[in-house]
Amino acid sequence: MAAMDLASLLAGAVVAGPVAYLVARGRALRHLADVRATAASAVAAAEQDNKWLREEVERHKQTAGTTHDLLDKAEQTLRDTFQSLAAQALKDNRSSFFDLAKTSFESYHRPISETLRKVDQRLEQTEKERVETYTKLTEKVMALEGSANTLSRALRTPAVRGRWGEMQLRRVVEIAGMLQRCDFDEQPGIENRSMDSGLNGHPGRLRPDLIVHLPGRKCIVVDAKTPLEAFLDAQDCGDDDRRQSKLQAHARQVRDHMDRLGSKAYWDQLDGSPEMVVMFLPGETLFSAALQHDLTLIEHGLQQKVLLASPITLIALLTTIAHSWRQEALTENYREVAAIGREFYERLAKFVEHFDEVRRKLDGAVQAYNSAAGSFESRVLVSARRLKELDVTTAPDLPEAEPIDTVPRVLKQANLMGLPDAAGTEPEIT
């Protein structure tokens, strides 16, 4: 029974399977047909919409072309209108400007013309003054050139050169603030103490240009030298090589002057003079030109005991000496103050001795008075009162003699000499 049921089930399953497939396939075919019909409807609708869109696009293209034409026309119209308005405005403004300029020119024409006329007159006067000034300046330059040439010719004379150097030296000394015969002596005569004086080329009596006094009874010699020939020749040279050659000759002349000045040995002729002499060149250019072409001049001068000095360096040296003199004067004042102080102290000590003597005499007088007063009280008044009691006289009573209790004060702090007092004690120091 069971086998039969199983067979029946299997047979039913075999028959039901194809039937179910056929049913499903039919359903699928119907669904596909429905889909195809729907797709066809959608395609048809899309074609219709596409056709409508193409028509709309074409219509819009026509409308856009018409709008572009209208914009071009409007732009051209605006451009023409703007150009017309600009031209009219420019014409109006130009006319207004010309009218305004004409009015302004007519208003300011006269003041401007007057001002221009004044400026022209002032320029003409200025040019005239410039020409006159230039003419005067040219004349002065020519006069200065003539004076310079005359001075150059004069300075080539040895006597004139020497006098010029002495004048420059005197001016430097005055600038330094020194006084003649107090701080310096000008061209003093000095006896040459050398045994071979007169034989070695130096006279028996030397005459330096200046002797400057130093503190402590010392002195220093200053001699002015003016080697100008080669230097002036160098200034007249137009060629650089010749100018350099002349300046080198100028340096050699300065060196020769230093050698001759050092050989005079002024320090041997003057007591208290340092072993040095100052050689003064009366121009800074003379000094600098010589050093520029001979760098060993200063060292060579120190070897010859000669100090080369220009106006500036000599002013510095003399100013230092003047300062040392002021310091010496202050030192001398201090010495005098100290001497006066010592003398005053000694006199004050003597006065204190006399004052103490007066005190001792007063003390003795007080003691003598007190003794007399005591004797008067004990000896004289007793008898006088007795007589009064006996009615010998009607005169008033005799006054009593008051003793003196104060004594002269001892000046304990006035022992200026530092001597012990009568008791043998040393004086107090406060």
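Just so you know, all these numbers are worked out from the coordinates, no wet-lab data involved. Just so it is clear, the model here is predicted, and its values are computed rather than measured. Neighbour counts run over all protein chains shown; Cβ positions are idealised from the backbone, glycine included.
Structure summary
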{"read-out": "Dipole-positive endmost among Thr406, Ala339, Leu390 within region 337-414 (Cβ charges, Cα centre)", "value": "Ala339"}
{"read-out": "Mean projected area in nm² (Cα convex hull; one quarter of hull surface) for region 337-414", "value": "7.3 nm²"}
{"read-out": "Amide H contacts of Leu308 (H built 1.01 Å from N, under 5 Å, at least 5 apart or other chain)", "value": "Met279"}
{"read-out": "Residue exposure sequence - Met142, Met258 - by fewest surrounding Cβ within 10 Å", "value": "Met142, Met258"}
{"read-out": "5 angstrom amide H check on Met276, placed H, neighbours 5+ away", "value": "Trp267"}
{"read-out": "Thr296 versus Lys73: modelled label distance in nm, points set 7 Å from Cα along the beta carbon direction", "value": "11.4 nm"}
{"read-out": "Whole-Hz couplings from phi, Karplus 6.51/-1.76/1.60, listed for region 363-375; x for Gly and Pro", "value": "4, x, 5, 5, 5, 5, 5, 4, 5, 5, 5, x, 5"}
{"read-out": "Per-residue ³J(HN,Hα) for region 252-266, Karplus 6.51 cos²θ - 1.76 cosθ + 1.60, θ = phi - 60°, Hz, x for Gly and Pro", "value": "5, 5, 4, 4, 4, 4, 5, 5, 5, 5, x, 6, 6, 6, 4"}
{"read-out": "Potential extension, Ile190-Thr393 segment - 0.36 nm per residue separation minus Cα distance", "value": "62.7 nm"}
{"read-out": "Backbone HN-Hα couplings from phi across region 50-61 [Karplus 6.51/-1.76/1.60, Hz, Gly and Pro as x]", "value": "5, 4, 5, 5, 5, 5, 5, 4, 5, 5, 5, 4"}
{"read-out": "For peptides 46-58, 272-284, 234-246, sequence by mean Cβ density within 10 Å, most packed first", "value": "272-284, 234-246, 46-58"}
{"read-out": "Projected label distance in nm at Thr115 and Ser375, using a 7 Å step from Cα toward the beta-carbon", "value": "12.4 nm"}
{"read-out": "Sequence-distant lysines (8 or more away, or on other chains) whose Cα lies within less than 19 Å of Lys218", "value": "Lys264, Lys305"}
